[in-house]
1. About the Cα centre of the chain, how large is the charge dipole given +1 on each Lys and Arg Cβ and -1 on each Asp and Glu Cβ? Please answer in debye to the nearest 20.
2. Which order do the peptides 59-69, 1-11 come out in when sorted by mean C-beta neighbours inside 10 angstrom, highest first?
3. What percent does the relative contact order of the range 1-106 come to when contacts are Cα pairs within less than 8 Å and at least six residues apart?
4. Can you give the charge dipole size of the range 20-105 about its Cα centre, rounded to the nearest 20 debye, using +1 on the beta carbon of Lys and Arg and -1 on the beta carbon of Asp and Glu?
5. State which helices in the chain qualify, where a helix is a whole DSSP H run, it must extend 18 Å or more along its own axis by its Cα atoms, and its mean Kyte-Doolittle hydropathy must be at least -0.5.
6. For GLU198, enumerate residues with amide H under 5 Å from its amide H, sequence gap 5+ or separate chain, H modeled in the peptide plane.
7. Beyond 27 Å between alpha-carbons counts as too far, so tell me which of LYS21/LYS101; LYS42/LYS171; LYS21/LYS80 fall in that bin.
8. Which whole-number percent gives the relative contact order of the chain, counting Cα pairs below 8 Å spaced six or more residues apart?
Amino acid sequence: MKIGVFDSGIGGTSVLEAIKKLLPNEEYYYFADSKNCPYGEKEDDELYRIVKGNVEFLINWGAEIIVIACNTATTRCIEKLREEFKIPFVGTEPAVRLAAKSNANKILVLATPGTIHSERLETLVKENQRQSQVIDLLPCPGLADTIEFNLNKDESKIYKKLKELLNNLPKDYDSIVLGCTHYSLIKPLIQEFFPSAELVDGNESVAKRVKELVK
Ligand code: DGL
């Protein structure tokens, strides 16, 4: 089966790896839209126009399933895409459900401003938060693009950005939700700021859903 995958750059490769583990024999096209990175700081109209272009490109290639390997594009555009296109979409959402059903009492969701301020995230928190469970949300402007343009080149820039965003936060979170696929690429760096927390992302859930669809 032909599976098209896209993100605003390299972030979604973490999702692609998870899918390929479960489905090694499918045909993949990964579209890294780094020209338009970051998605997380764009207005809805502009973001939809960009994302729609990616979808059309992948359909022209022959995609039979499209994986939106991006939390921002999923939380802000997937409903409209499903109205406009017949092709099945699998989206990537912050793994709030996974974190909330664990033993974690204190959870922190890191994501782009676009995802943090989305209705979809608000609903995910409302639907999954247990009584007495704390779920804090932190928008991380500039982090996805810093990773996009510096990973494996100048990691000190990524570390500096993380320090700006995370240094003054409490250290006692049990679980950190990586609500942007770029953040999954720097797990060890994020772990340094929260040594005792479990870091979770939605990549395996996406892979399982793609497998169900393929079967
Ligand atoms: N990797 C994407 C996400 O999961 C997009 C990051 C961005 O371009 O702002 O949200």
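1. Magnitude of the dipole: close to 420 debye.
2. The peptides rank, most packed first, as 1-11, 59-69.
3. On the way: 141 pairs, mean separation 32.7, N = 106.
31 percent.
4. Details: 12 positive and 14 negative charges, 74 e Å.
So the magnitude is around 360 debye.
5. Helices passing the filter in the chain: 44-61.
6. Placed amide hydrogens put SER175, ILE176 under 5 Å from GLU198.
7. Check vs 27 Å cut-off fails for LYS42/LYS171; LYS21/LYS80.
8. In percent, rounded to a whole number, it is 26.
The values are calculated or read from the model by the stated rules, or taken from the named source; none is laboratory data. All figures in this text were calculated on a predicted structure; none of them were measured in a lab. Virtual Cβ from ideal backbone geometry, glycine too; neighbours counted across all protein chains shown. Please note that ligands, DNA and RNA were not included when accessible areas were found on the heavy atoms of the full protein model with its side chains. Shrake-Rupley method; radii C 1.70, N 1.55, O 1.52, S 1.80 Å.
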